[in-house]
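Chemist: Mind looking over this structure? Questions follow.
The values are calculated or read from the model by the stated rules, or taken from the named source; none is laboratory data. Every value quoted in this text rests on a predicted model; they were computed, and no experiment measured them. All Cβ positions, even for glycine, are placed from backbone atoms using ideal geometry, and neighbour counts span all protein chains on display. All accessible areas refer to the heavy atoms of the entire protein, side chains included, with ligands and DNA or RNA removed. Shrake-Rupley method; radii C 1.70, N 1.55, O 1.52, S 1.80 Å.
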Amino acid sequence: KSPRYHARDVAVKLAELSGATVILGSATPDVDSFHRAQLGQYQLVELKERITPHGYSPLPEVNIVDLKEELKVGNTSMFSRSLLSAMKEALVQGEQIILFLNRRGTATFIQCRRCGFVFRCPRCSIALTYHSMERKLVCHRCHYALPVPRNCPNCLGSHLRFLGIGTQRVEDEVKRFFPKATVLRWDRDVITKKYAHEELLRTFRERKADILIGTQMIAKGLDLPWVTLAGIINADTGLNFPDFRAGERTFQLLCQVAGRAGRGVKAGRVIVQTYSPENYAVRAAAKHDYVGFYNQEINYRQQYSYPPFSRFIRLVYTHTNDKLCQEEADRVSSLLLEKKREKMPDWNLIGPIPAFASRVRGRYRRQIIIRGSNPAQALLNITLPQGWTVDVDPVGMV
């Protein structure tokens with residue numbers, strides 16, 4: 001949304017102009033911020049122990065489960081054997097559980113087993129997500145929806161397969177395994193009314209529910225003293241996004257979810273299910289090792305000249321006509337390359353390429369990334385027509 005800015009950078013600039021002091025606080029600092037602290041641009045203050053309203057609280061033990069090994073022994077459930085066992089034990093002890101999956105819905109897409117057709121949004125270049133409660137296929141970009149069809153529109157076959165999992169599917173499976181447990185779900189599909197967040201949280205804090213299932217909403221700073229078990233259904237959902245910050249965001253989310261367990265009298269336990277148990281972000285999160293993660297991540301950033309060792313400007317052009325969209329992106333790219341050849345500045349281009357969602361709400365999208373120590377010089381004396389957006393130091397690349 002416009003205007004595009006990073007609230008942290010705005011706060012730092014405002015403090016600079018007004019002579020104020022900014023305090024940035026996080027258990028999993030942004031890599032850029034921590035790098036500035038390492039350079040002495042920020043003053044680093046470390047809290048070595050976790051402190052809760054109940055006093056000192058040790059960080060929970062984290063176990064990584066390789067889902068490939070679960071498949072080898074014939075376990076096709078979304079729950080590993082160790083997670084199911086830990087859930088049973090927690091429920092017997094009268095303790096609470098949170099289950100995290102950063103994906104909504106019941107199935108992430110529906111495919112015809114006869115011809116391979118996948119139901120997609122007619123206005124966006126993404127598959128429709130199945131929501132079992134509403135019995136609808138929904139686009140998570142533009143909210144287009146349609147009832148679940150009985151037959152494939154391509155071959156008229158009736159063998160439709162529901163693939164992928166979301167929080168609704170997790171809820172259904174939990175109720176199947178633990179029919180006596182009271183289950184709450186916390187995601188954007190449930191939180192539709194004002195104060196619904198507060199009501200749901202109060203219900204869970206008052207122990208009127210045993211299991212809370214949710215997306216990243218449940219990871220952010222909640223103090224739930226009776227939660228002793230946190231289960232991460234699939235740690236890989238955000239790991240393979242085409243964004244250089246994918247590893248950082250995965251590490252942050254895993255650490256934040258893990259931090260919800262064991263904040264009361266009883267010790268906590270975390271089970272991380274993944275198909276990538278050797279990934280550096282997953283391994284570091286399991287050890288609560290921010291410095292170890294940072295050291296490896298900053299090496300990657302330096303090797304590929306990603307921020308904080310360079311700056312990005314993301315240019316995105318949108319148009320209702322795909323050919324015209326491509327032609328305009330090529331035109332601007334040619335102007336930039338010509339300028340680079342003339343002056344040999346310290347920047348380079350990535351693209352033009354289709355954006356991660358190449359079509360949204362009926363508009364095609366092409367993007368160009370300008371990378372360099374001062375990429376703004378690339379746009380001097382270049383006028384961009386209507387349809388272009390310019391995002392300096394973009395928070396996300398997708």
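Chemist: Is the shape of the stretch 26-130 best called rounded, prolate or oblate, per the rule: a/c under 1.5 gives rounded, else a/b larger than b/c gives prolate, else oblate, with a ≥ b ≥ c the square roots of the Cα gyration tensor eigenvalues?
Modeler: Values: a/c = 2.64, a/b = 1.40, b/c = 1.89.
Oblate, because a/c is 1.5 or more while a/b does not exceed b/c.
Chemist: Here's a follow-up. What are the equivalent ellipsoid semi-axes of the chain, built from the alpha-carbon gyration tensor (square roots of five times its eigenvalues), in whole angstrom, biggest first? Before the final figure, lay out each step's value.
Modeler: On the way: eigenvalues 289, 194, 71 Å².
Its equivalent ellipsoid spans semi-axes of 38, 31, 19 Å.
Chemist: Which distance in Å, rounded to a whole number, links the C-alpha centroids of the stretch 281-353 and the stretch 38-107?
Modeler: Spelled out, the Cα-based centre of one part sits 32 Å from the other.
Chemist: Let me ask something else about it. Once you sort the root eigenvalues of the Cα gyration tensor of the stretch 125-198 as a ≥ b ≥ c, which label holds: rounded (a/c under 1.5), prolate (a/b larger than b/c) or oblate (the other case)?
Modeler: oblate
Chemist: With the dipole of the stretch 102-202 worked out from charges on the C-beta (+1 for Lys and Arg, -1 for Asp and Glu) around the Cα centre, which of LEU146, THR182, GLN168 lies farthest toward the positive end?
Modeler: LEU146
Chemist: Note down the magnitude of the dipole of the stretch 141-199 about its Cα centre, charges +1 on Lys and Arg C-beta and -1 on Asp and Glu C-beta and zero elsewhere, to the nearest 20 debye. Could the numbers behind the result be given before it?
Modeler: Details: 11 positive and 7 negative charges, 31 e Å.
Result for the stretch 141-199 is approximately 140 debye, rounded to the nearest 20.
Chemist: If you don't mind, another one. Report, ordered by chain and residue number, the aspartates and glutamates lying within cross-link reach of LYS266, taken as a straight Cα distance under 19 Å and ignoring same-chain residues fewer than 8 apart.
Modeler: Once the sequence-local aspartates and glutamates are set aside, what remains near LYS266 is GLU49, GLU61, GLU89, GLU95, GLU206, ASP210, ASP223.
Chemist: Give me the dipole magnitude in Debye, nearest 20, for the stretch 269-345 about the Cα centre, with unit charges on the beta carbon: positive for Lys and Arg, negative for Asp and Glu.
Modeler: Numbers: 12 positive and 9 negative charges, 55 e Å.
Computed charge dipole of the stretch 269-345: roughly 260 debye.
Chemist: Let me ask something else. Using the heavy atoms of the protein chains and a 1.4 angstrom probe, tell me the accessible area per residue for the chain in square angstrom. Write out the running numbers ahead of the final one.
Modeler: Numbers: 21490 Å² over 398 residues.
Accessible surface, normalised per residue, equals 54 Å².
Chemist: Less than 13 Å from a label point 7 Å out along the Cα-to-Cβ axis of SER373: which backbone N atoms in the stretch 279-321 qualify, by residue?
Modeler: Output list for this probe position: 309-311.
Chemist: Report the antiparallel proportion of the DSSP beta bridges in the chain as a percent, rounded to a multiple of 5.
Modeler: Numbers: 37 of 60 bridges.
Bridges in the chain that DSSP calls antiparallel: roughly 60 percent.
Chemist: State to the nearest 20 debye the size of the charge dipole of the chain about its Cα centre, where the only charges are +1 on K and R beta carbons and -1 on D and E beta carbons.
Modeler: Values: 58 positive and 38 negative charges, 266 e Å.
Taking the Cα centre of the chain as origin, the dipole is about 1280 debye.
Chemist: With point charges of +1 on the Cβ of Lys and Arg and -1 on the Cβ of Asp and Glu, referenced to the Cα centre of the stretch 204-337, which listed residue (VAL257, HIS319, TYR300) lies farthest in the positive direction of the dipole?
Modeler: Going by the Cα projections, it comes out as VAL257.
Chemist: Aspartates and glutamates near LYS68 by alpha-carbon distance under 17 Å, same-chain residues fewer than 8 away left out - which ones?
Modeler: Filter leaves ASP236, GLU278.
Chemist: Run the helix sum for the chain: -39,500 (n - 2.57) per DSSP H stretch of 4+ residues, divided by residue count, reported at 222 nm to the nearest 500 deg cm²/dmol.
Modeler: Details: 10 runs with 115 residues, N = 398.
Calculated at 222 nm, the ellipticity per residue is -9000 deg cm²/dmol.
Chemist: ³J(HN,Hα) across the stretch 139-144 via Karplus (A = 6.51, B = -1.76, C = 1.60, θ = phi - 60°), whole Hz, x for Gly/Pro?
Modeler: With the stated coefficients, the stretch 139-144 comes to 8, 7, 9, 10, 6, 4 Hz.
Chemist: Evaluate E = 1/(1 + (r/R0)^6) for GLN41 and ASP243, where r is the Cβ-Cβ distance and R0 equals 22 Å; express this FRET efficiency to the nearest 0.05.
Modeler: Values: r = 25 Å, r/R0 = 1.12.
It comes to 0.35.
Chemist: Let me ask another. For LEU146 and GLU199, calculate 0.36 nm times their separation in residues minus their Cα-Cα distance, and state this gained length in nm to one decimal. Kindly include the intermediate steps, with their values, before the conclusion.
Modeler: Details: separation 53, 0.36 × 53 = 19.08 nm, distance 3.02 nm.
Taking 0.36 nm per residue and subtracting the Cα distance, the gain is 16.1 nm.
Chemist: How would you order 134-146, 378-390, 264-276 from highest to lowest mean count of nearby Cβ atoms within 10 Å? Mind dumping the intermediate values first?
Modeler: Details: 134-146: 15.6, 378-390: 12.3, 264-276: 20.1.
So the order, starting with the most tightly packed, is 264-276, 134-146, 378-390.
Chemist: Are there cysteines in the chain with no other Cys C-beta under 4.7 Å, and if so, which?
Modeler: Those would be CYS142, CYS255, CYS325, since no other cysteine Cβ in the chain comes under 4.7 Å of theirs.
Chemist: Hey, rough spin-label estimate for PHE356 and GLU338, points 7 angstrom out along Cα→Cβ, what's it come to in nanometres?
Modeler: Once both label points are built, they end up 3.3 nm from each other.
Chemist: Now for a different question. Put +1 on the Cβ of each Lys and Arg and -1 on the Cβ of each Asp and Glu in the chain; which of SER77, ALA127, CYS112 then has its Cα farthest toward the positive end of the dipole?
Modeler: Selected residue: CYS112.
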